[in-house]
Amino acid sequence: MRRLVVVVLAMIVALEAMAWGGLGHRTVAEIAERNLTPKAKANIDKYTGGVSLASLSTWMDSKKKPKRENDVCKKWHASVVDSKNRATQEVRDRVRGGKDAVTATLMFTEMFKEREKMTDSAVMFALKCLVHMVGDIHCPAHMRYEDVNNGRGFDLGIRVTYKGKKLPLHSVWDTGVIASTHRKWSYKRYAEHLDTYSKREIKRVTKGWIEDWHSDAAKDIRVAIPWVKQGDILDATYDEKALPLAELELQKAGYRLAKVLNKFFK
């Protein structure tokens with residue numbers, strides 16, 4: 001029994017360490033990079049050496065991180081809202097002890113206010129985390145609701161059959177829906193497909209700041225909670241429902257990430 005508990009806990013940690021998968025995270029980062037101001041792009045390149053944001057976007061999911069950074073980052077892949085979709089510090093402290101993606105993102109944005117005083121390595125660490133976490137706080141697989149499943153993900157513990165394969169629902173959201181629908185697309189092609197907002201639309205979806213964005217994403221994603229129950233068989237009709245929601249969150253995450261980077265690297 002003890003061995004089983006350890007295995008289950010390990011699986012939960014592993015699931016929480018993945019959101020969107022590589023295609024989704026790189027797409028968010030590419031949309032953001034396409035919307036950087038020239039000055040922000042130049043200032044970011046001073047730290048990255050011209051490496052794309054897409055290349056940095058999956059670092060937090062990498063097993064090659066130093067042990068210290070693995071320990072620090074492991075709780076920063078998800079966050080929580082209350083029953084009214086509010087992403088307040090109070091609910092984050094109560095449910096997750098303040099160890100969550102929204103709190104960490106806010107911490108790094110505060111750090112960026114003093115960017116000129118930070119070491120280059122500290123800026124790079126913050127940048128890699130930020131690029132990843134802004135994507136995470138828009139991912140259905142990483143949305144936590146205090147009033148659903150004891151504050152855990154609405155998808156955790158649910159297994160389904162998706163296109164003939166038995167999978168955790170988490171995998172359907174983080175990779176399956178977008179990867180199977182656009183099977184041969186690169187992240188650049190996907191970003192080109194999604195980067196369609198006008199300046200007015202971008203201004204609308206980037207209004208507010210990190211907590212507001214997480215609350216907005218939670219409201220969007222909450223509609224998907226009753227779509228699936230344990231053991232369901234999902235097929236292309238599920239993709240037809242899920243894909244528009246997934247793509248909406250990828251778009252919002254990309255434009256919002258660009259806003260953060262343009263603000264602090266101007």
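Here are a few things to note about the model shown:
- Being basic (K, R) and either closer than 19 Å to V260 by Cα or in contact with an Asp or Glu (Cβ under 6 Å, 6 or more places away or on another chain) (or both) is a description that applies to R92.
- Those helices (runs of 4 or more DSSP H) of segment 191-266 in which 2 or more residues are more than 19 Å from V102 (Cα to Cα) and modelled with pLDDT under 95 occupy 236-264.
- Residues that are in contact with a strand residue (DSSP E or B) (Cβ under 9 Å, 6 or more places away or on another chain), surrounded by fewer than 21 Cβ atoms within 10 Å (Cβ to Cβ), more than 12 Å from P140 (Cα to Cα) and in contact (Cβ under 8 Å) with a residue 40 or more places away in the chain occur at least once in segment 212-227.
- Hey, T175 not basic (K, R) and not in a loop (DSSP other than H, G, I, E, B) or not: yes
- Single residue of segment 156-170 satisfying the filter (under 21 Å from E247 (Cβ atoms) and in contact with an Asp or Glu (Cβ under 9 Å, 6 or more places away or on another chain)) that is surrounded by the fewest Cβ atoms within 10 Å (Cβ to Cβ): K163
- Unique residue being surrounded by fewer than 21 Cβ atoms within 10 Å (Cβ to Cβ), modelled with pLDDT under 95 and on the phi > 0 side of the Ramachandran plot when the list is G22, G50: G50
- Residue match in segment 71-94 (condition: in a helix (DSSP H, G or I), buried (at least 18 other Cβ atoms within 10 Å of the Cβ) and free of Cβ contacts under 8 Å to residues at least 40 places away in the same chain): yes
The values are calculated or read from the model by the stated rules, or taken from the named source; none is laboratory data. Quick caveat, the model's predicted, so the values are computed rather than measured. Cβ sites come from the backbone with ideal geometry, for glycine too, and all protein chains shown count toward neighbours.
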